[in-house]
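See below for the structure under consideration.
The values are calculated or read from the model by the stated rules, or taken from the named source; none is laboratory data. This one's a predicted model, so the numbers in the text were calculated from it and none came from an experiment. Cβ atoms come from the backbone with ideal geometry, glycine included; neighbour counts cover every protein chain shown. Only protein heavy atoms, including side chains, enter the accessible area calculation; ligands, DNA and RNA are left aside. Shrake-Rupley method; radii C 1.70, N 1.55, O 1.52, S 1.80 Å.
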Amino acid sequence: MLFVVTGPSGCGKSTILAQLVKDVRSISFSVSHTTRPRRPSEAEGRQYYFVSEMEFKRMIKKDMFLEWAEVHGHCYGTSKREIAARVKEGDVILDVDVQGARSIRTLRKDATFVFVLPPRAADLRKRLLDRGEDDNASIRRRLNNAKREIREASSFDYVIVNDRLNRAVLELEAIVLAARCRAESQAAKIRAVLRSFPAAKK
Ligand code: ADP
Ligand code: 5GP
(Lines give C-alpha, C1' and ligand atoms only; values in the text may rest on other atoms or scores of the structure.)
(Ligands and ions follow the chains in the order given, each with its own letter.)
Protein backbone atom coordinates (compact mmCIF):
# COMPACT_ATOMS: atom_id res chain seq x y z
CA MET A 1 0.00 0.00 0.00
CA LEU A 2 1.06 3.56 -0.67
CA PHE A 3 0.72 6.38 1.89
CA VAL A 4 1.34 9.97 0.83
CA VAL A 5 2.07 12.60 3.48
CA THR A 6 2.01 16.31 2.67
CA GLY A 7 2.19 19.51 4.72
CA PRO A 8 4.07 22.80 4.76
CA SER A 9 7.80 22.70 5.30
CA GLY A 10 8.55 22.69 9.04
CA CYS A 11 5.19 21.25 10.13
CA GLY A 12 6.97 18.08 11.32
CA LYS A 13 6.49 15.52 8.53
CA SER A 14 10.03 14.09 8.65
CA THR A 15 9.96 13.85 12.44
CA ILE A 16 6.60 12.04 12.42
CA LEU A 17 7.61 9.69 9.58
CA ALA A 18 10.92 8.79 11.22
CA GLN A 19 9.04 7.66 14.34
CA LEU A 20 6.35 5.85 12.35
CA VAL A 21 8.84 3.66 10.45
CA LYS A 22 10.42 2.69 13.78
CA ASP A 23 7.08 1.81 15.41
CA VAL A 24 5.17 0.10 12.61
CA ARG A 25 6.35 -3.12 10.95
CA SER A 26 6.62 -3.52 7.17
CA ILE A 27 6.55 0.11 6.12
CA SER A 28 9.43 2.08 4.69
CA PHE A 29 10.09 5.65 3.67
CA SER A 30 10.52 6.44 0.00
CA VAL A 31 13.71 8.48 -0.39
CA SER A 32 13.24 11.21 -3.00
CA HIS A 33 15.79 12.84 -5.28
CA THR A 34 16.40 16.57 -4.86
CA THR A 35 18.56 19.37 -6.21
CA ARG A 36 18.33 21.18 -2.85
CA PRO A 37 21.66 21.45 -1.02
CA ARG A 38 22.10 18.89 1.75
CA ARG A 39 21.44 20.23 5.29
CA PRO A 40 24.15 19.59 7.90
CA SER A 41 22.01 16.97 9.67
CA GLU A 42 21.17 15.05 6.48
CA ALA A 43 22.94 12.07 4.93
CA GLU A 44 23.00 10.97 1.30
CA GLY A 45 20.41 8.27 0.66
CA ARG A 46 18.77 8.70 4.04
CA GLN A 47 16.54 11.81 3.80
CA TYR A 48 17.22 12.33 0.06
CA TYR A 49 19.43 11.39 -2.84
CA PHE A 50 21.13 14.74 -3.50
CA VAL A 51 21.74 15.30 -7.21
CA SER A 52 22.79 18.15 -9.52
CA GLU A 53 20.25 19.95 -11.70
CA MET A 54 21.87 18.28 -14.72
CA GLU A 55 21.39 14.82 -13.23
CA PHE A 56 17.78 15.65 -12.25
CA LYS A 57 17.02 16.81 -15.82
CA ARG A 58 18.58 13.62 -17.19
CA MET A 59 16.28 11.59 -14.94
CA ILE A 60 13.21 13.55 -16.12
CA LYS A 61 14.20 12.92 -19.76
CA LYS A 62 14.62 9.21 -19.09
CA ASP A 63 11.13 9.13 -17.51
CA MET A 64 12.59 7.88 -14.24
CA PHE A 65 10.16 9.76 -11.94
CA LEU A 66 6.70 8.69 -10.83
CA GLU A 67 6.21 12.41 -10.12
CA TRP A 68 8.42 15.42 -9.65
CA ALA A 69 7.86 19.10 -8.82
CA GLU A 70 9.65 22.36 -8.24
CA VAL A 71 9.19 23.30 -4.58
CA HIS A 72 10.63 26.39 -2.85
CA GLY A 73 13.00 26.90 -5.82
CA HIS A 74 14.42 23.36 -5.99
CA CYS A 75 13.42 20.15 -7.76
CA TYR A 76 12.14 17.12 -5.85
CA GLY A 77 11.06 13.80 -7.32
CA THR A 78 9.96 10.28 -6.44
CA SER A 79 11.83 7.79 -8.62
CA LYS A 80 9.96 4.79 -10.01
CA ARG A 81 12.94 2.61 -9.10
CA GLU A 82 12.74 3.68 -5.43
CA ILE A 83 9.04 2.77 -5.20
CA ALA A 84 9.56 -0.55 -7.01
CA ALA A 85 12.34 -1.51 -4.58
CA ARG A 86 10.38 -0.46 -1.48
CA VAL A 87 7.08 -2.15 -2.34
CA LYS A 88 8.89 -5.49 -2.34
CA GLU A 89 9.46 -5.01 1.38
CA GLY A 90 5.92 -3.92 2.31
CA ASP A 91 4.03 -0.64 2.48
CA VAL A 92 5.63 2.61 1.38
CA ILE A 93 5.21 6.12 2.78
CA LEU A 94 6.07 9.24 0.80
CA ASP A 95 6.69 12.82 1.91
CA VAL A 96 5.77 15.06 -1.04
CA ASP A 97 4.38 18.55 -1.61
CA VAL A 98 0.78 19.26 -2.70
CA GLN A 99 1.69 19.13 -6.41
CA GLY A 100 3.28 15.71 -5.91
CA ALA A 101 0.23 14.47 -3.99
CA ARG A 102 -2.03 15.66 -6.81
CA SER A 103 0.04 13.82 -9.44
CA ILE A 104 0.09 10.61 -7.40
CA ARG A 105 -3.68 10.81 -6.90
CA THR A 106 -4.22 10.58 -10.66
CA LEU A 107 -1.83 7.62 -10.95
CA ARG A 108 -2.62 5.66 -7.80
CA LYS A 109 -6.28 5.83 -6.75
CA ASP A 110 -5.58 3.22 -4.10
CA ALA A 111 -3.11 5.43 -2.17
CA THR A 112 -4.02 7.07 1.16
CA PHE A 113 -3.42 10.83 1.37
CA VAL A 114 -2.62 12.58 4.66
CA PHE A 115 -2.08 16.30 5.28
CA VAL A 116 -0.11 17.44 8.34
CA LEU A 117 -0.94 20.90 9.73
CA PRO A 118 1.06 22.99 12.17
CA PRO A 119 -1.13 24.21 15.08
CA ARG A 120 -0.63 27.89 14.15
CA ALA A 121 1.45 30.02 11.75
CA ALA A 122 3.62 31.18 14.67
CA ASP A 123 4.48 27.56 15.55
CA LEU A 124 5.49 26.86 11.97
CA ARG A 125 7.74 29.90 11.93
CA LYS A 126 9.32 28.92 15.25
CA ARG A 127 9.91 25.34 14.11
CA LEU A 128 11.62 26.50 10.92
CA LEU A 129 13.77 28.96 12.88
CA ASP A 130 14.59 26.47 15.66
CA ARG A 131 15.46 23.74 13.14
CA GLY A 132 18.14 26.21 12.06
CA GLU A 133 18.97 24.43 8.83
CA ASP A 134 17.57 26.82 6.21
CA ASP A 135 18.79 30.35 5.51
CA ASN A 136 16.49 33.36 6.09
CA ALA A 137 15.44 33.67 2.44
CA SER A 138 14.56 29.98 2.34
CA ILE A 139 12.52 30.25 5.57
CA ARG A 140 10.63 33.28 4.19
CA ARG A 141 9.85 31.37 1.00
CA ARG A 142 8.63 28.33 2.95
CA LEU A 143 6.33 30.48 5.13
CA ASN A 144 4.96 32.31 2.09
CA ASN A 145 4.08 29.00 0.44
CA ALA A 146 2.54 27.48 3.59
CA LYS A 147 -0.85 29.24 3.40
CA ARG A 148 -1.33 28.24 -0.25
CA GLU A 149 -0.48 24.65 0.59
CA ILE A 150 -2.78 24.53 3.65
CA ARG A 151 -5.73 25.69 1.52
CA GLU A 152 -5.58 22.24 -0.14
CA ALA A 153 -5.75 20.29 3.14
CA SER A 154 -9.49 19.57 2.95
CA SER A 155 -9.07 17.58 -0.29
CA PHE A 156 -6.93 14.96 1.49
CA ASP A 157 -8.28 11.73 3.05
CA TYR A 158 -6.97 12.59 6.52
CA VAL A 159 -5.71 15.71 8.32
CA ILE A 160 -3.42 15.58 11.35
CA VAL A 161 -2.64 18.64 13.49
CA ASN A 162 0.92 18.25 14.73
CA ASP A 163 0.50 19.98 18.06
CA ARG A 164 1.82 17.32 20.43
CA LEU A 165 4.29 15.16 18.51
CA ASN A 166 3.36 11.89 20.25
CA ARG A 167 -0.29 12.31 19.40
CA ALA A 168 0.46 13.20 15.77
CA VAL A 169 2.61 10.04 15.45
CA LEU A 170 -0.17 7.91 16.98
CA GLU A 171 -2.72 9.42 14.60
CA LEU A 172 -0.61 8.62 11.54
CA GLU A 173 0.01 5.11 12.86
CA ALA A 174 -3.73 4.68 13.35
CA ILE A 175 -4.34 5.72 9.74
CA VAL A 176 -1.79 3.18 8.45
CA LEU A 177 -3.16 0.37 10.63
CA ALA A 178 -6.77 1.15 9.72
CA ALA A 179 -5.95 1.20 5.98
CA ARG A 180 -4.35 -2.24 6.35
CA CYS A 181 -7.60 -3.56 7.85
CA ARG A 182 -9.79 -2.31 5.02
CA ALA A 183 -11.72 -5.23 3.53
CA GLU A 184 -10.22 -4.73 0.06
CA SER A 185 -6.73 -5.04 1.57
CA GLN A 186 -7.66 -8.24 3.38
CA ALA A 187 -8.86 -10.37 0.46
CA ALA A 188 -5.88 -12.75 0.65
CA LYS A 189 -6.31 -13.20 4.39
CA ILE A 190 -10.04 -13.86 4.07
CA ARG A 191 -9.27 -16.57 1.47
CA ALA A 192 -6.59 -18.10 3.72
CA VAL A 193 -8.99 -18.33 6.67
CA LEU A 194 -11.64 -19.89 4.43
CA ARG A 195 -9.12 -22.46 3.17
CA SER A 196 -8.40 -23.45 6.77
CA PHE A 197 -11.99 -24.80 7.08
CA PRO A 198 -12.67 -28.41 6.11
CA ALA A 199 -14.36 -28.88 2.74
CA ALA A 200 -18.14 -29.11 3.09
CA LYS A 201 -19.50 -32.70 3.00
CA LYS A 202 -21.78 -33.41 0.08
P1 ADP B 1 9.15 18.93 7.86
O2 ADP B 1 9.71 17.57 7.53
O3 ADP B 1 7.67 18.97 7.76
O4 ADP B 1 9.80 20.03 7.07
P5 ADP B 1 10.51 18.57 10.42
O6 ADP B 1 10.12 17.18 10.77
O7 ADP B 1 11.90 18.80 9.92
O8 ADP B 1 9.45 19.23 9.40
O9 ADP B 1 10.23 19.47 11.72
C10 ADP B 1 10.60 20.84 11.76
C11 ADP B 1 11.10 21.14 13.19
O12 ADP B 1 10.00 21.10 14.09
C13 ADP B 1 12.14 20.15 13.68
O14 ADP B 1 13.14 20.86 14.38
C15 ADP B 1 11.34 19.23 14.62
O16 ADP B 1 12.15 18.72 15.66
C17 ADP B 1 10.28 20.18 15.17
N18 ADP B 1 8.99 19.56 15.51
C19 ADP B 1 8.35 18.57 14.85
N20 ADP B 1 7.18 18.28 15.46
C21 ADP B 1 7.06 19.09 16.53
C22 ADP B 1 6.07 19.28 17.55
N23 ADP B 1 4.95 18.56 17.60
N24 ADP B 1 6.30 20.23 18.50
C25 ADP B 1 7.43 20.98 18.45
N26 ADP B 1 8.41 20.85 17.53
C27 ADP B 1 8.24 19.93 16.55
P1 5GP C 1 12.44 20.03 2.37
O2 5GP C 1 13.37 20.83 1.51
O3 5GP C 1 11.92 20.82 3.55
O4 5GP C 1 13.01 18.69 2.75
O5 5GP C 1 11.17 19.69 1.49
C6 5GP C 1 10.48 20.72 0.85
C7 5GP C 1 9.20 20.20 0.26
O8 5GP C 1 9.48 19.24 -0.77
C9 5GP C 1 8.29 19.49 1.26
O10 5GP C 1 6.97 19.99 1.05
C11 5GP C 1 8.36 18.05 0.86
O12 5GP C 1 7.15 17.37 1.12
C13 5GP C 1 8.57 18.18 -0.64
N14 5GP C 1 9.12 16.97 -1.25
C15 5GP C 1 10.07 16.13 -0.78
N16 5GP C 1 10.30 15.12 -1.62
C17 5GP C 1 9.45 15.30 -2.66
C18 5GP C 1 9.18 14.57 -3.88
O19 5GP C 1 9.76 13.54 -4.18
N20 5GP C 1 8.23 15.08 -4.70
C21 5GP C 1 7.55 16.23 -4.41
N22 5GP C 1 6.62 16.63 -5.28
N23 5GP C 1 7.77 16.93 -3.29
C24 5GP C 1 8.71 16.48 -2.43
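Where residues in segment 43-71 are in a loop (DSSP other than H, G, I, E, B) and surrounded by fewer than 16 Cβ atoms within 10 Å (Cβ to Cβ), which of them is nearest to the chain's Cα centre (by Cα)? Walk me through how you get there before you give the answer.
Just the residues of segment 43-71 that are in a loop (DSSP other than H, G, I, E, B), to begin with: 43, 45-47, 51-52, 62-64.
The next check asks that each one be surrounded by fewer than 16 Cβ atoms within 10 Å (Cβ to Cβ); those that pass are 43, 45-46, 52, 62-63.
Working: 43: 18, 45: 16, 46: 14, 52: 22, 62: 24, 63: 21 Å.
Among those that are in a loop (DSSP other than H, G, I, E, B) and surrounded by fewer than 16 Cβ atoms within 10 Å (Cβ to Cβ), it is 46.
I need the full set of residues from segment 1-17 which are open to solvent by 20 Å² or more (accessible area, probe 1.4 Å) and near ligand 2 (Cβ under 8 Å from one of its atoms), in order please.
Residues of segment 1-17 that are open to solvent by 20 Å² or more (accessible area, probe 1.4 Å), as a first pass: 1, 13-15.
Correct list: 13, 14.
Taking only segment 18-35 into account, find how many residues are of a type outside the set (Ser, Thr, Tyr), crowded, with 20+ Cβ neighbours inside 10 Å and either near ligand 2 (Cβ under 10 Å from one of its atoms) or part of a loop (DSSP other than H, G, I, E, B) (or both).
Going through segment 18-35 one residue at a time, the tally reaches 1.
With the structure loaded, tell me whether residue 197 is of a type outside the set (Asp, Glu) and assigned to a loop (DSSP other than H, G, I, E, B) or whether it fails that test. Before the answer, list the steps.
Details: of a type outside the set (Asp, Glu): yes; assigned to a loop (DSSP other than H, G, I, E, B): yes.
Here the answer is yes, as residue 197 does meet what is asked.
Regarding segment 137-156, can at least one residue be identified that is out of contact with any Ser or Thr (no Cβ under 9 Å at 6 or more places or on another chain), in a loop (DSSP other than H, G, I, E, B), more than 15 Å from residue 8 (Cα to Cα) and not hydrophobic (A, V, I, L, M, F, W, C)?
No, the conditions are met nowhere in segment 137-156.
Could you tell me which of the residues 39, 81 is over 18 Å from residue 116 (Cβ atoms) and in a loop (DSSP other than H, G, I, E, B)?
Numbers: 81 fails: in a loop (DSSP other than H, G, I, E, B).
Every option except 39 fails the conditions.
Considering segment 109-125 alone, what residues qualify as being more than 8 Å from ligand 1 (Cβ to nearest atom), buried (at least 17 other Cβ atoms within 10 Å of the Cβ) and closer than 30 Å to residue 185 by Cα?
Within segment 109-125, 111, 112, 113, 114, 115, 117 qualify.
For segment 126-137, name all the residues that are aliphatic (A, V, I, L, M) and either more than 13 Å from ligand 2 (Cβ to nearest atom) or loosely packed, with under 15 Cβ neighbours inside 10 Å (or both).
Taking segment 126-137 and keeping what is aliphatic (A, V, I, L, M), we get 128-129, 137.
If the condition is that a residue be aliphatic (A, V, I, L, M) and either more than 13 Å from ligand 2 (Cβ to nearest atom) or loosely packed, with under 15 Cβ neighbours inside 10 Å (or both), then 129, 137 are the ones that fit.
Against the conditions (1) under 15 Å from the mean Cα position of the chain (by Cα); (2) exposed (fewer than 13 other Cβ atoms within 10 Å of the Cβ), where does residue 78 fall short? Just the number, please.
Going through (1) under 15 Å from the mean Cα position of the chain (by Cα); (2) exposed (fewer than 13 other Cβ atoms within 10 Å of the Cβ) one by one, residue 78 breaks only (2).
Please verify whether segment 100-121 includes one or more residues that are aromatic (Phe, Trp, Tyr), touching a Phe, Trp or Tyr at 6+ places or on another chain (Cβ under 6 Å), farther than 16 Å from residue 71 by Cβ and at pLDDT 95 or above. Explain how you work it out, then say what you get.
Of the residues in segment 100-121, the ones aromatic (Phe, Trp, Tyr) are 113, 115.
Applying the additional criterion that residues be touching a Phe, Trp or Tyr at 6+ places or on another chain (Cβ under 6 Å) yields 113, 115.
Now drop any that are not farther than 16 Å from residue 71 by Cβ, which leaves 113.
Keeping just the survivors that are at pLDDT 95 or above gives 113.
Checked segment 100-121: at least one residue is aromatic (Phe, Trp, Tyr), touching a Phe, Trp or Tyr at 6+ places or on another chain (Cβ under 6 Å), farther than 16 Å from residue 71 by Cβ and at pLDDT 95 or above.
Out of 151, 167, 140, report the one residue that is surrounded by fewer than 16 Cβ atoms within 10 Å (Cβ to Cβ) and more than 29 Å from residue 37 (Cβ to Cβ).
Details: 151 fails: more than 29 Å from residue 37 (Cβ to Cβ); 140 fails: more than 29 Å from residue 37 (Cβ to Cβ).
Within the list 151, 167, 140, the selection yields 167.
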